[in-house]
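The values are calculated or read from the model by the stated rules, or taken from the named source; none is laboratory data. Not measured: the values here are computed from a predicted model. We place every Cβ from the backbone using ideal geometry, glycine too, and count neighbours over all the protein chains shown.
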Amino acid sequence: MRYRMPNLFSKRVYLLPAAVLVAVIFFVAACSMTARDRVMHFFFEYPAEADASQESLESEGFLTARQVAAGGATAPFAVSRHSPFVERRCAVCHDPQRQFAPRADQSATCQSCHASYFQRVPFGHAPVVTGDCTFCHTMHVSQHESLLKFSQATLCVSCHDAEFEEAALATYHRGIESLKCTACHNPHGSSLRMLLKPEKDRPGVPAGRTERSQDPSGGVD
């Protein structure tokens with residue numbers, strides 16, 4: 001008796017996988033966002049992000065509001081969060097075609113939402129001019145305002161340490177100890193040299209303090 005090979009292309013072969021796929025779809029539709037992500041990541045190439053309001057913050061090493069309320073935790077609390085991260089719109093900044101790596105043109109990506117910070121002005125801050133936003137900012141969450149990597153004092157002095165030396169503190173930077181750098185300077189760009197804000201937008205100048213002359217020519221500060 002001749003052995004007959006099974007027809008591997010029979011419709012029955014596809015019934016089981018189809019049934020499993022339908023079951024997965026119904027299961028995913030009925031689950032929480034976190035559970036859906038885990039299932040989708042298991043079966044498909046899908047970013048396994050937890051709920052950004054809770055577990056994603058924990059994955060970044062930050063506390064959630066729930067943990068802070070519980071007390072006893074020592075991790076930093078997220079002071080600022082990037083809205084695409086919170087809203088789980090990963091593809092705004094990450095490229096799905098490159099395994100969700102950050103998009104290659106960082107400047108264009110940031111400008112798509114933050115165009116006002118890239119306006120052409122006579123004096124631009126070097127990281128802005130070169131499109132290196134992550135020089136000062138993080139992409140997801142931060143324990144500082146405006147998604148800064150460090151506090152303003154720490155971040156600014158990493159490049160502008162001469163502005164905090166004795167000579168500067170005795171003259172044009174006298175009395176800055178109680179101020180943030182952005183009280184007088186625009187961190188992205190300005191029509192005034194040294195990225196100064198218009199005088200009306202700056203706090204009162206302490207008595208005896210002198211300011212640098214304003215060079216009308218443009219440049220990068």
Candidates Ala108, Ala126, filtered to the one that is surrounded by fewer than 15 Cβ atoms within 10 Å (Cβ to Cβ) and touching a residue at least 60 places away in the same chain (Cβ under 8 Å):
Ala126
Return the pairs, sorted by first residue and then second, in which the second residue is surrounded by 14 or more Cβ atoms within 10 Å (Cβ to Cβ), the first residue lies in region 157-175 and is of a type in the set (A, V, I, L, M), the beta carbons are less than 8 Å apart, and the residues are 6+ apart or on different chains.
Val157/Glu163; Val157/Phe164; Ala162/Ala168; Leu169/Ile176
For region 129-143: of the residues being assigned to a loop (DSSP other than H, G, I, E, B) and not charged (D, E, K, R), which is surrounded by the fewest Cβ atoms within 10 Å (Cβ to Cβ)?
Thr130
Filter region 180-206 for residues that are exposed (fewer than 14 other Cβ atoms within 10 Å of the Cβ) and modelled with pLDDT under 85; the one that is nearest to the chain's Cα centre (by Cα) is Pro203
Got a number for residues in region 72-86 being assigned to a loop (DSSP other than H, G, I, E, B) and modelled with pLDDT of 90 or more?
1
Of the numbered conditions (1) loosely packed, with under 12 Cβ neighbours inside 10 Å; (2) at pLDDT 90 or above, Pro102 satisfies every one except a single condition; which is it?
(1)
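Yes/no per residue for (1) at pLDDT below 90; (2) charged (D, E, K, R); (3) touching a Pro at 6+ places or on another chain (Cβ under 8 Å):
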{"position": "Ala52", "(1), (2), (3)": "yes, no, no"}
{"position": "Glu55", "(1), (2), (3)": "yes, yes, no"}
{"position": "Leu63", "(1), (2), (3)": "yes, no, yes"}
{"position": "Gln67", "(1), (2), (3)": "yes, no, no"}
What's the number of the condition Ala162 fails, among (1) of a type in the set (Gly, Ala, Ser); (2) over 27 Å from Ala78 (Cβ atoms); (3) touching a strand residue (DSSP E or B) at 6+ places or on another chain (Cβ under 7 Å)?
(3)
Could you run through region 144-174 and say how many residues are surrounded by 15 or more Cβ atoms within 10 Å (Cβ to Cβ), assigned to a loop (DSSP other than H, G, I, E, B) and not aromatic (Phe, Trp, Tyr)?
4
